[in-house]
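The values are calculated or read from the model by the stated rules, or taken from the named source; none is laboratory data. Everything numeric in this text was worked out from a predicted model, so none of it was measured. Positions of Cβ are backbone-derived with ideal geometry, glycine not excepted, and every protein chain shown enters the neighbour counts.
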Amino acid sequence: MLELKNLNASYGFLQVLWDVSLTVEEGEFVGLIGPNGAGKTTTMRTIAGLMTPKGGDVLFKGTWMNAVPPHRTTHMGISYISESLNLFVDMSVRENLLMGAYIVRDRDRQLETLEFVYELFPRLKERESQLAGTMSGGERKMLAIARGIMSNPQLLLVDEPSLGLAPHLVTDVFRALQTLQEAGVTILLVEQRVNATLKITDRAYVLEQGRIVMEGPSSELMANPHVKNAYLGI
């Protein structure tokens, strides 16, 4: 479904990604792990069309995506949930969610998806009339993920969903992501909680200093000496 071929990206003269290649097959749950500053978010932003690659290719379902603007990537089936959330703080939870479904023209389908996300995050159902700007950090993170689901994406890009969350909320978010995969959504996850990520993903890539240094089934990476020493504290 998604393929990056020798992807290079930079901010001005500062190159951040160097020949990054990875694939995500339909129905997979893939993790992208690595230290802060490794280029994980840059990878996600480039896939989503928020950055133009300096070199290499981004392919989605066989379509060359290098020059596709962000609003078109959404129409093509990619939803990017960034760590910055970008919620409409003066709108209610329900209004934010329905804004996430703006490309879905079928009203009945919008409402079906709305009920689905309320089942994933019951707290949002309880808060549906509350303004997004008055919610807690954890609730806003849930809302951002739920809004990203409202467009019925084929590929969900999730960047640091656990950032700033209490442990019990992290569990809820990760459980929701697993439920999404079971429902047929393909997911690429960037996450600092390496142990938790490797427990729920099918495969993972390790990105260090802008380069893919390791890849494989998540269970094998959990047993890898470098991963255990650098990321799992073992």
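Looking at the stretch 21-55 only, could you name the residues that are under 15 Å from Ser218 (Cβ atoms) and surrounded by 23 or more Cβ atoms within 10 Å (Cβ to Cβ)?
Passing the criteria: Val24, Phe29, Gly31, Leu32, Ile33, Gly34.
Find the residue count for the stretch 35-77, including only residues that are in a loop (DSSP other than H, G, I, E, B), of a type in the set (D, E, K, R) and within 14 Å of the chain's Cα centre (by Cα). Break it down stepwise before answering.
At the first step, the residues of the stretch 35-77 found to be in a loop (DSSP other than H, G, I, E, B) are 35-39, 48-54, 61-62, 65-69, 77.
Checking which are of a type in the set (D, E, K, R) leaves us with 54, 61.
Still in the list and also within 14 Å of the chain's Cα centre (by Cα): none.
Total meeting the criteria: 0.
Given the criteria under 13 Å from the mean Cα position of the chain (by Cα), assigned to a helix (DSSP H, G or I) and under 20 Å from Ser79 (Cβ atoms), does Leu114 qualify?
Working: under 13 Å from the mean Cα position of the chain (by Cα): no; assigned to a helix (DSSP H, G or I): yes; under 20 Å from Ser79 (Cβ atoms): yes.
No, not satisfied.
Can you name the residue in the stretch 122-142 that is of a type in the set (A, V, I, L, M) and not in a helix (DSSP H, G or I) and is also surrounded by the most Cβ atoms within 10 Å (Cβ to Cβ) among such residues?
Of all residues in the stretch 122-142, those of a type in the set (A, V, I, L, M) come to 124, 131-132, 135, 142.
Applying the additional criterion that residues be not in a helix (DSSP H, G or I) yields 131, 135.
On the way: Leu131: 16, Met135: 20.
Filtering the stretch 122-142 for residues that are of a type in the set (A, V, I, L, M) and not in a helix (DSSP H, G or I), the one surrounded by the most Cβ atoms within 10 Å (Cβ to Cβ) comes out as Met135.
Out of the residues in the stretch 59-97 that are charged (D, E, K, R) and without any contact (Cβ under 8 Å) to a residue 24 or more places away in the chain, which is nearest to Tyr118 (Cα to Cα)? Give the derivation first.
Step one: list which residues in the stretch 59-97 are charged (D, E, K, R), which gives 61, 72, 83, 90, 94-95.
If we keep only those that are without any contact (Cβ under 8 Å) to a residue 24 or more places away in the chain too, we end up with 72, 95.
Working: Arg72: 27, Glu95: 13 Å.
The qualifying residue nearest to Tyr118 (Cα to Cα) is Glu95.
So is Gly12 touching a Lys or Arg at 6+ places or on another chain (Cβ under 9 Å) and small (Gly, Ala, Ser) or not? Break it down stepwise before answering.
Values: touching a Lys or Arg at 6+ places or on another chain (Cβ under 9 Å): no; small (Gly, Ala, Ser): yes.
Judged against the criteria, Gly12 is not a match.
Could you go through the stretch 143-166 and let me know if any residue there is over 22 Å from Val104 (Cα atoms), in a helix (DSSP H, G or I) and either touching a Lys or Arg at 6+ places or on another chain (Cβ under 8 Å) or charged (D, E, K, R) (or both).
To start, the set of residues in the stretch 143-166 that are over 22 Å from Val104 (Cα atoms) comprises 159-166.
Then keep just the ones that are in a helix (DSSP H, G or I); that gives none.
Among the residues of the stretch 143-166, not one is over 22 Å from Val104 (Cα atoms), in a helix (DSSP H, G or I) and either touching a Lys or Arg at 6+ places or on another chain (Cβ under 8 Å) or charged (D, E, K, R) (or both), which makes the answer no.
List the helices (runs of 4 or more DSSP H) inside the stretch 170-234, counting only whole elements, that have at least 3 residues being under 18 Å from the mean Cα position of the chain (by Cα). Walk me through it before giving the result.
Values: elements: 194-200, 218-222, 225-230.
It comes to 194-200.
Looking only at the stretch 1-34, filter to residues that are assigned to a loop (DSSP other than H, G, I, E, B) and among the charged types (D, E, K, R); which one of those is nearest to Pro53 (Cα to Cα)?
The qualifying residue nearest to Pro53 (Cα to Cα) is Glu25.
Those residues that are buried (at least 18 other Cβ atoms within 10 Å of the Cβ) and closer than 21 Å to Gly137 by Cβ, I need them from the stretch 173-192; list them, please.
Val173, Phe174, Ala176, Leu177, Leu189, Val190, Glu191
Here is a check on your reading of the model: is Leu17 touching a strand residue (DSSP E or B) at 6+ places or on another chain (Cβ under 7 Å) and either at pLDDT below 95 or crowded, with 16+ Cβ neighbours inside 10 Å (or both)?
yes
From the list Val158, Val117, which residue is at pLDDT 90 or above and under 15 Å from Ser84 (Cβ atoms)?
Val158
Exactly one of these conditions fails for Arg109: (1) closer than 20 Å to Gly138 by Cα; (2) in contact (Cβ under 8 Å) with a residue 24 or more places away in the chain; (3) assigned to a helix (DSSP H, G or I). Give me its number.
Failing condition for Arg109: (1).
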